[in-house]
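Remarks on the structure that follows.
The values are calculated or read from the model by the stated rules, or taken from the named source; none is laboratory data. Since we're looking at a predicted model, the values are computed, not measured. No Cβ is skipped: glycine too gets one built from the backbone with ideal geometry, and neighbour counts run over all protein chains shown. With ligands, DNA and RNA removed, areas are computed over all heavy atoms of the protein, side chains included. Shrake-Rupley method; radii C 1.70, N 1.55, O 1.52, S 1.80 Å.
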Amino acid sequence: MDQPADPQIFFHIRVIMGMVISFSMARLLTGLALFVQHPGKTKIYWPHLGWVLFLFLFLIYFWWWEYRLHMLPVIDFGVYLFVIAYCCIFFFLCVLLFPTSLEDYSGYEHYFMSRRAWFFGFLALAYAVDFVDTAVKGRTYFASFGLEYPLRNAAYILMCIVAAITPNRRFHAVFLIAGVTYQVIWIFRAFDLLD
């Protein structure tokens, strides 16, 4: 990478990204607040709450790693459009976790399991798009994560496909626990410091 793009361009893109990510975060926090505001009104499903935690972490570190965009020598409209579309995937995931209404469902377990194909389909898409996002930042950046990065994303995509298909509660519990645990470890190993 020769010379970073004009900082004003990066700031402009970061503001727009921040707006979409803020809507996503607000959806998660508002959904969680409903459990406090109306305790007992809706049946809580712990794997659903686990995916809320997973997505909360994903949103936080997405914002953190997108700082690397400032290193691009050129940020054109294509990159801008791509990043905004990537942010929109997160928003859709958050809306899938907390729908506007649960009227047609007996609780979050019923809702989550009936919409699992959509949720895990979009989560798999987020990991696939992440390959492109990392590649946009350059070969050196992509290679800096070693073989673990593509294997990690491929494993998440594969597990999401299985989760979209199977209603097996045990599989969902194991995937959630392993997914959150690995996500936390990955964040602190790969993205602890911005340099």
*Which residues, taken from region 67-91, are within 27 Å of TRP118 (Cβ to Cβ) and of a type in the set (Asp, Glu)?*
none
*asked:* Please go through (1) over 16 Å from PHE122 (Cα atoms); (2) open to solvent by 70 Å² or more (accessible area, probe 1.4 Å); (3) at pLDDT 90 or above for PHE92 and return the number of the only condition it doesn't satisfy.
replied: (1)
_Please verify whether ILE60 is closer than 20 Å to TYR127 by Cα, of a type in the set (A, V, I, L, M), touching a residue at least 40 places away in the same chain (Cβ under 8 Å) and part of a helix (DSSP H, G or I), treating the condition exactly as stated._
no
*May I ask you to list the residues in region 36-71 that are open to solvent by less than 40 Å² (accessible area, probe 1.4 Å) and farther than 27 Å from ARG189 by Cβ?*
TYR45, HIS48
*What pairs come up if the first residue lies in region 69-92 and is touching a residue at least 40 places away in the same chain (Cβ under 8 Å) and farther than 10 Å from ILE13 by Cβ, the second is hydroxyl-bearing (Ser, Thr, Tyr) and in a helix (DSSP H, G or I), and their beta carbons are under 7 Å apart, counting only those six or more places apart or on different chains?*
PHE90/SER24; PHE91/SER24
*Go over the candidates ILE157, ILE165 one by one and state the one that is touching a helix residue (DSSP H, G or I) at 6+ places or on another chain (Cβ under 7 Å) and among the β-branched types (Val, Ile, Thr).*
ILE157
*When region 22-45 is examined, which residues are found to be part of a helix (DSSP H, G or I), in contact (Cβ under 8 Å) with a residue 60 or more places away in the chain and not aliphatic (A, V, I, L, M)?*
PHE23, SER24, ARG27, THR30, GLY31
*Given (1) modelled with pLDDT of 85 or more; (2) under 27 Å from PHE82 (Cα atoms); (3) of a type in the set (S, T, N, Q), where does GLN3 come up short, assuming only one miss?*
(1)
